[in-house]
Amino acid sequence: MTETFDAKVAEADDILNSLMARISPVENKSKYLKILVYGMPGVGKTVFTATASKPLIIDIENGSHSINNHPELKDAQALEFKSIFQVEQLIKYLGDRAPQLDSFETVVVDSFSELQKRDLDEIVRSEASKDSARNKYLPIGPDYNVNTEHMRQIASALRDLDRHIIVTCHVKEEKDDNTGRLLVRPNLTPKLAGTLAGIFDVVGYMSMQDQTRTLQVHPTNTVTAKTRIGNLPAVMENPTFTDILTAFTTHKD
């Protein structure tokens with residue numbers, strides 16, 4: 001009886017010691033910045049991602065060619081998208097600290113909206129292959145549920161990487177039936193959009209105004225945005241990743 005009790009006490013002590021080893025000051029929780037940037041095609045989202053430190057761009061939309069017009073962004077490298085499985089394997093190798101990938105300090109998904117669409121297409125094709133009555137192009141309710149959960153898992157895996165993370169998204173504009181205002185948000189399913197909003201330190205709406213690229217990071221009644229960095233301006237002009245990272249590393253609130 002005593003031996004059993006002593007064993008349980010020893011086990012409890014081990015658990016407590018393990019927990020204590022994982023406790024650290026809040027300011028030391030992460031040195032890596034997680035950003036979601038959304039906007040219309042052509043506003044410069046991909047170029048913005050290439051301003052990050054040693055980025056690896058998972059090029060879902062073949063948009064990395066836009067970086068060719070910016071020779072100063074020579075550190076950026078792109079991975080041609082082949083499949084969702086390829087993306088998941090890459091995230092796994094990054095998480096396992098594969099030596100071949102150690103040089104990349106930032107991981108970019110360009111864009112998450114297109115990644116979600118490609119995943120939905122794969123799900124529909126897979127289900128249609130099991131049921132000859134199914135349309136292989138037309139998703140139904142359960143397909144969307146599987147798609148959303150799969151993308152949430154990929155987003156969470158990205159969050160847990162010891163790298164800076166940037167994902168881009170398309171923009172969705174919807175008219176509010178009650179107020180008539182045009183609402184602007186990332187083009188994702190609502191549940192996934194909510195998950196990503198919780199994961200990322202900054203959610204910014206990128207647009208062009210008078211030939212100036214702007215990034216809105218403070219929310220309004222019409223624009224979805226967010227920042228956990230207290231010293232960022234509401235709207236940044238011609239932003240770079242370094243601008244936000246500097247604010248992130250100096251912010252103490």
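Results, tabulated for the structure shown:
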item: Volume per residue that the Cα convex hull of region 124-206 spans, once the total is divided by residue count, Å³; result: 135 Å³
item: Rg to Rh, two decimals, where region 29-164 supplies the alpha carbon set and Rh follows Kirkwood; result: 1.01
item: Mean accessible surface per residue for region 94-253, computed with a 1.4 Å probe while every protein chain stays in place, in Å²; result: 52 Å²
item: Percent carbon-and-sulfur accessible area, region 170-253, ignoring ligands, DNA and RNA, probe 1.4 Å; result: 47 percent
item: Dmax and Rg, reported as Rg then Dmax, of region 186-228 (C-alpha, Å); result: 11.3, 34
item: Base-10 log of normalised Debye intensity for the chain (one unit scatterer per alpha-carbon) at q = 0.08, 0.09, 0.15, 0.16 Å⁻¹; result: -0.38, -0.48, -1.11, -1.22
item: Reachable aspartates and glutamates, given that their alpha-carbon falls under 18 Å from the alpha-carbon of Lys45 and they are not under 8 places away in the same chain; result: Asp59, Glu61, Glu72, Asp75, Glu80, Asp110, Glu114, Glu173, Asp201, Asp210, Glu237, Asp243
item: Relative contact order %, the chain, counting alpha carbon pairs below 8 Å whose residues are six or more apart; result: 23 percent
item: Point-to-point label distance, Asp14-Met208, nm (Cα→Cβ direction, 7 Å offset); result: 6.2 nm
item: For Lys191, solvent-accessible area (1.4 Å; no DNA, RNA or ligand), Å²; result: 120 Å²
item: Given Lys130/Lys172; Lys136/Lys226; Lys175/Lys226; Lys117/Lys175; Lys34/Lys136; Lys31/Lys74, the pairs whose alpha carbons are separated by over 26 Å; result: Lys130/Lys172; Lys136/Lys226; Lys34/Lys136
item: Radius 12 Å from Cβ of Leu245, net charge of other residues (Lys, Arg +1; Asp, Glu -1); result: -1
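The values are calculated or read from the model by the stated rules, or taken from the named source; none is laboratory data. All figures in this text were calculated on a predicted structure; none of them were measured in a lab. Ideal geometry is used to build each Cβ from the backbone, glycine not excepted, and the neighbour counts take in all protein chains shown. For the accessible areas, the whole protein counts, side chains as well, though only heavy atoms, and no ligand, DNA or RNA atoms are used. Shrake-Rupley method; radii C 1.70, N 1.55, O 1.52, S 1.80 Å.
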